[in-house]
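Structure first, commentary second.
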Amino acid sequence: MKNILFGLIIIGFTGCLKSGEDTSTATCTYDACAYKAPASEIQAVQDYLTANTITATQHCSGVFYIIDNPGTGRSVTACGAIKATYIGKLTNGNIFDQGTFDRFIALSDLVGGWINTIPLIKEGGKIRLYIPPSLGYGSADRKDANGAVVIPGNSILIFDVTLDTVY
């Protein structure tokens, strides 16, 4: 179950970086608003937030977020690489993954909800994400090595992310 985030690449954006490019200053042409969750998924996230009296900001892509700490370090673009500490939960509170990236990972290799919102904070920052299914793991069930469903298809994902380092 560990590192599901690594194994479940939903949206791949190629051509953002050349090998070894410094992402803190690289020009990135990625448009975070170009790929938007369907209105029904956005409404489902809004309904969850309302039912749980959570006030969050809506990103143009349909991800909702709360910035707990904006950070003070370097910024990352959607085409950058990061190290982060995270906890991933379902709306029922079940934790499906948690950890710290022990190496830099390209933001473009992660789910769309991360690609679109992690650039909103800087190094040292902390953000909570409420990700609609199409910007998360999609409609298929995600199973562990034993075949047990860990993330049911069409799940809203909740991530608490601390941006530890920007490469």
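Only the coordinates and a few stated rules stand behind these numbers; no lab work does. These figures come from a predicted structure and were not determined experimentally. Glycine also receives a Cβ, built like all others from the backbone with ideal geometry; neighbour counts cover every protein chain displayed.
Can you compute the FRET efficiency between residue 55 and residue 33 using 1/(1 + (r/R0)^6), with r the Cβ-Cβ distance and R0 = 30 Å? Round to the nearest 0.05.
For R0 = 30 Å, the calculated efficiency reads 0.85.
Could you compute Rg(Cα) / (2.2 N^0.38 Å) for region 35-166, with N its residue count?
1.01
Excluding same-chain residues fewer than 8 positions from residue 122, which aspartates and glutamates have a Cα within less than 17 Å of its Cα?
Leaving aside aspartates and glutamates fewer than 8 places away in the same chain, those within reach of residue 122 are 22, 68, 160, 164.
Enter the Cα centre distance for the pair region 127-162 and region 25-87, rounded to the nearest angstrom.
15
By how many nm would the segment from residue 87 to residue 145 lengthen if fully extended, with 0.36 nm per residue of separation less the alpha-carbon distance?
Going from the current span to full extension adds 18.9 nm.
Simple spin-label model, 7 Å along Cα-to-Cβ: residue 47 to residue 103 in nm?
It is 4.2 nm.
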